[in-house]
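Okay, structure first, notes after.
The values are calculated or read from the model by the stated rules, or taken from the named source; none is laboratory data. Quick caveat, the model's predicted, so the values are computed rather than measured. FYI the Cβ positions are ideal-geometry reconstructions off the backbone, even for glycines, and counts take in every protein chain you see. Heads up: the accessible areas ignore ligands, DNA and RNA and are worked out on the full protein's heavy atoms, side chains in. Shrake-Rupley method; radii C 1.70, N 1.55, O 1.52, S 1.80 Å.
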Amino acid sequence: WGPAASDAAPGLAARLLAPAEPVVDLIAAGPAEAGRLGPVRWRDDGHWLSGWLDLPDAGTDLTDAAFQAYRDLFRVLASRGRPPLAKVWNFLPRINDDGGGMERYRQFNVGRFRAFSEAGFDAFEGAPAACALGTHEGTLSIRFLASRGAVRPLDNPRQVAPYRYSNRFGPRSPNFSRAALAEAGAGQLAFFVSGTAAIVGERSMHEGDVLEQLAETLRNLDALCEQARAHGVGAVTAADLDCVVYLRHAADLDAVRAAFEAAVGPESPAARRAVYVEADVCRRELLVEIEGHALIAGALTR
């Protein structure tokens, strides 16, 4: 998250499967102001505002914890001039467990939606790119990135927008878009891809088959790259993305890695720089999820 190790966000309680050493994405290498507001640590280089918070797990129900976490996040944004969110990473302990009558991920969505509404941030068409993964232990951990350049959320024509899911997925839909483009300066756009899985419409596909799920996920990544090209990116494919591949079962690593590299090309940036992490996906039946980003030449279309 920044050039100084003392200012870096702490690690997450998720098992790194590959490569052997952790990979750090450097958002801003130049001078940056840093601070803390409540539980949120932040860094601001004048264009990118990044931040992180970790809250103790308050028991089985995540509703209030999610509400408080996002309320604190939005307080930081308000204190820094309300730059729009571009990407949010959410890590929830035991994401698929019953939280006392409702799955913990669904409780998280209720709390998150409350915070978006209270803060006056758009929880629908203006929602940021995001991912939500489950860890087996640890805290509720949130990492976020906001931009003072324009941010354009993108959705996938193959899928129902998450914020428009039917109530079969809980009383409140997830507040995120499938991807986002953010102005990065110097004639470049940052392309942020949300956690992407084998969902068509709003239905999970290929239950029990991790390689078929991977193939469907890659079709969704292709569709999002097409949307990015239609909205200002000069050229981008899934092979250009820096990806994190989340696997529910560590035993699937070798098969998924081989299939992923074959699909994007073994010498592509995506294959060479992919990071594989053991984590639970937000739906029990989903076995693999991919999120990613790229910095590409282009200009947002209006």
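Data for the structure
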{"item": "Solvent-accessible area of Thr237 with every protein chain in place, 1.4 Å probe, in Å² to the nearest 10", "result": "70 Å²"}
{"item": "Extension reserve of the Arg229-Ala251 stretch, reckoned as 0.36 nm per residue once the Cα distance is removed", "result": "4.4 nm"}
{"item": "Solvent-accessible area per residue for the chain (1.4 angstrom probe, square angstrom)", "result": "41 Å²"}
{"item": "Solvent-accessible area, 1.4 Å probe, carbon plus sulfur percent, for segment 109-247", "result": "48 percent"}
{"item": "Principal axes of the chain: Cα extent on each, largest first, Å", "result": "50, 45, 38"}
{"item": "DSSP-assigned coil residues among GluC sites (Glu not before Pro) in segment 76-140, each with at most 15 further Cβ atoms within 10 Å", "result": "Glu125, Glu137"}
{"item": "Selection from Leu85, Val151, Gly111 lying farthest towards where the dipole of segment 79-171 points positive, charges on Cβ", "result": "Val151"}
{"item": "Helix-only CD estimate at 222 nm, as mean residue ellipticity for the chain, using -39500 (n - 2.57) per DSSP H run (n ≥ 4)", "result": "-7500 deg cm²/dmol"}
{"item": "Surface/4 of the Cα convex hull for segment 224-268, nm²", "result": "3.7 nm²"}
{"item": "Distant-in-sequence amide H partners of His136 (H built 1.01 Å from N, under 5 Å)", "result": "Arg94"}
{"item": "Kirkwood Rh (inverse of mean 1/r, distinct Cα pairs), segment 61-119, angstrom", "result": "12.0 Å"}
{"item": "Karplus-derived HN-Hα couplings along segment 189-206 (A = 6.51, B = -1.76, C = 1.60, θ = phi - 60°), whole Hz, x at Gly and Pro", "result": "10, 8, 10, 10, 9, 5, x, 10, 9, 7, 10, 10, x, 10, 9, 6, 10, 6"}
{"item": "Cut-off under 5 Å, modelled amide H: who pairs with Gly99 long-range", "result": "Arg104"}
